[in-house]
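This report refers to the structure that appears directly beneath it.
The values are calculated or read from the model by the stated rules, or taken from the named source; none is laboratory data. Keep in mind that this is a model prediction, so the values were computed, not measured. Counting neighbours? That spans all protein chains shown, and the Cβs are built from the backbone with ideal geometry, glycine included. Protein only, heavy atoms only, side chains kept; ligands, DNA and RNA dropped before computing areas. Shrake-Rupley method; radii C 1.70, N 1.55, O 1.52, S 1.80 Å.
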Amino acid sequence: TTVAAVAVISIDAGTTGIRAFVVDRGGAPVARAYREFAQHFPRPGWVEHDAEEIWSTTVTVLAEAAGLLAELLPGEPVDAIGITNQRETAVAWDARTGLPRHRAVVWQDRRTADRCHQLERDGHLPRIRALTGLVLDPYFSASKFEWLLTDGGVAADDDLRLGTVDSWLLWKLTGGSAAAGAVHATDPSNASRTMLYDISDRRWSSELCELFGVPIGALPEVRPSCGVFGLTAADGPLGGGIPVSGIAGDQQAALFGQACLNPGMAKNTYGTGSFVLLNVGAECPAPVDGLLTTVAWEIPTRVFDDAAGPGGADGSDGSATVTHYALEGAIFVTGAAVQWLRDGLGIISEASEVGPLAASVDDTGGVFVVPAFAGLGAPDWDPYARGTVVGITRGTTRAHLARAVVEAMAFQTRDVVRSMTDATGVDLAELRVDGGAAAMDLLLQVQADQLGVPVVRSAVAETTALGAALLAGLGAGVWSSAAELAANWRADARVPPSTDPERLTAADAGHRMWRRAVTRSLAWADGG
């Protein structure tokens, strides 16, 4: 394979591991390195990460990727670095020492459910929805930051830095301490997930920072998603002087990596959870019941030949920027349910076994699994929902359970897409998919039958890492236009819905039964 001179390394800092992803100037992946890091569960419903371990794991995979790069193209420089990350996870660290002040509180964590419920009872939800496009849920960073500053014992002094994982990694890459000139910044796609960011005015909300007791001065500067954030420090894993020039939250990066650059295009990433994003263009939409409104990206208007809508603040190179928004349906558990089959029940020994096992039976035998292990996200939004398995008989086998888990992925996605089309009046032409579970042909067929539109799998599985690389390349001038990026996008498989009326009738009947199963899981943990 001919390599078109390496251009960009992206860091994909996910929920369970870190990937370094090397892309050449043709936009093709040329090398990868991946390592997992520890998950901490100090109490039921609590999930934490060691931010220092996230950094050390990042150093390891960057060094490994650099080694692969040196073998492939000796002496070839890296033009830029991109960062994409698990969103909403709250990190608190010390600007002087560069060390975390507490374990990071992960997006899956539910410890602030009661606090969010209290804020909703006190009438704050409509204002929060209007400013942020989000719902009052412990998923988001604001109540996590508040917990760190109160129950977590983190002091709100002048050396405090608060941010999401992208900000933490940018800080470490650019020096690791205030004395070294480390950069404390983020982009609007990540800021819009904190519940502290006004997505219409595109700035931190002093009103919400006051409500949650978060010192606004400890938060990162919000800069456009592509453009030079800072340069790597000389003692870093890749050496000094490399521009960090693209940042986006993982799902927005996947939307970009899937080349869903025009309004009306949508993708779903089947990762630890599932995340459906629909590009709605440059106008910030009104809140939609059951869905989130989020910033997709803020990039220079020059990237779009026909850019329309309001510009933003100037980009780091002085050019005007345009902000694109997305509707998002966040489904908390997808791949995590496969891990449960493996680690919790011992039904499979490797995650890759779930597809063949599920395909070994024609249906679930009437079994439905609602994987509300950490509450339900879109469109139900119930932090007190809990996992439910219904329809078990003496004839139920492990294959039926495996298939029910796979079908639950498709049912949840159908619920979200229906909410999006109802809200926008726009019917999807197709759904682009990626993530680990998208490798299952069975899932793609079930999904197409549930949606009634083709499901298209990207030729590059790691679209999150690819999106961050493409943003970084745009920010560093490696590529110049969205059209150039869209022309490079390739599909691996296109699965149309079945044309068999009986099968489609069965698909609809299955979905109706799924919704019945969901009602059994709602409000379980609060005794409702």
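General remarks:
- Screening segment 372-394 for residues that are at pLDDT below 90 and aromatic (Phe, Trp, Tyr) and picking the one that is nearest to the chain's Cα centre (by Cα) gives TRP381.
- Any chance ARG432 is surrounded by 22 or more Cβ atoms within 10 Å (Cβ to Cβ) and touching a residue at least 24 places away in the same chain (Cβ under 8 Å): yes
- Here ARG127 passes the criteria (1) closer than 26 Å to GLY377 by Cα; (2) open to solvent by 10 Å² or more (accessible area, probe 1.4 Å); (3) in contact with a Lys or Arg (Cβ under 9 Å, 6 or more places away or on another chain) except the one numbered (3).
- Number of positions in segment 335-354 that are farther than 21 Å from GLY387 by Cα and outside any loop (DSSP other than H, G, I, E, B): 2
- Which numbered condition LEU162 fails, given (1) surrounded by 18 or more Cβ atoms within 10 Å (Cβ to Cβ); (2) over 30 Å from LEU238 (Cβ atoms): (2)
- Close Cβ contacts (under 7 Å, 6 or more residues apart or on different chains) running from residues in segment 278-298 that are buried (at least 22 other Cβ atoms within 10 Å of the Cβ) to residues that are in a strand (DSSP E or B) and among the polar types (S, T, N, Q) comprise VAL295/THR323; ALA296/ASN279; GLU298/THR321; GLU298/THR323.
- Subset of segment 448-469 that is in contact with a Leu (Cβ under 9 Å, 6 or more places away or on another chain) and touching a residue at least 60 places away in the same chain (Cβ under 8 Å) - its residue that is surrounded by the most Cβ atoms within 10 Å (Cβ to Cβ): GLY467
- Hits in segment 395-435 - residues which are outside any helix (DSSP H, G or I), under 23 Å from ALA461 (Cβ atoms) and either touching a helix residue (DSSP H, G or I) at 6+ places or on another chain (Cβ under 6 Å) or not β-branched (Val, Ile, Thr) (or both): LEU428, ALA429, GLU430, LEU431, ARG432, ASP434, GLY435
- Residues within segment 301-334 that are farther than 21 Å from ALA476 by Cβ, outside any loop (DSSP other than H, G, I, E, B), at pLDDT 90 or above and not hydroxyl-bearing (Ser, Thr, Tyr), tallied: 5
- Among the conditions (1) assigned to a helix (DSSP H, G or I); (2) surrounded by fewer than 24 Cβ atoms within 10 Å (Cβ to Cβ); (3) touching an Asp or Glu at 6+ places or on another chain (Cβ under 9 Å), the only one that GLU484 does not satisfy is (3).
- For segment 505-528, the set of residues classified as among the hydroxyl-bearing types (Ser, Thr, Tyr) and closer than 18 Å to ARG418 by Cβ consists of THR505, THR519, listed by residue number.
- For GLY176, the criteria (1) more than 22 Å from ILE9 (Cα to Cα); (2) part of a loop (DSSP other than H, G, I, E, B) hold in every case but one, which is (1).
- When residues of segment 61-73 are limited to those that are touching a residue at least 60 places away in the same chain (Cβ under 8 Å) and in a helix (DSSP H, G or I), the one surrounded by the fewest Cβ atoms within 10 Å (Cβ to Cβ): ALA63
- Test result for ARG87, at pLDDT below 95, over 24 Å from ALA233 (Cβ atoms), in a loop (DSSP other than H, G, I, E, B) and open to solvent by less than 40 Å² (accessible area, probe 1.4 Å): yes
- Close pairs (6 angstrom Cβ cut-off, 6 or more residues apart or separate chains): under 13 Å from MET440 (Cβ atoms) in segment 343-356, open to solvent by less than 80 Å² (accessible area, probe 1.4 Å) and among the small types (Gly, Ala, Ser) anywhere: VAL354/ALA402
- Count of residues meeting criterion [part of a strand (DSSP E or B) and either farther than 21 Å from ALA66 by Cβ or open to solvent by less than 10 Å² (accessible area, probe 1.4 Å) (or both)] in segment 32-53: 4
- Of the residues examined, ARG457 is not one that is in a helix (DSSP H, G or I) and basic (Lys, Arg).
- Meets criteria (part of a loop (DSSP other than H, G, I, E, B), touching a Ser or Thr at 6+ places or on another chain (Cβ under 8 Å), aliphatic (A, V, I, L, M) and touching a residue at least 12 places away in the same chain (Cβ under 8 Å)) for ALA253: no
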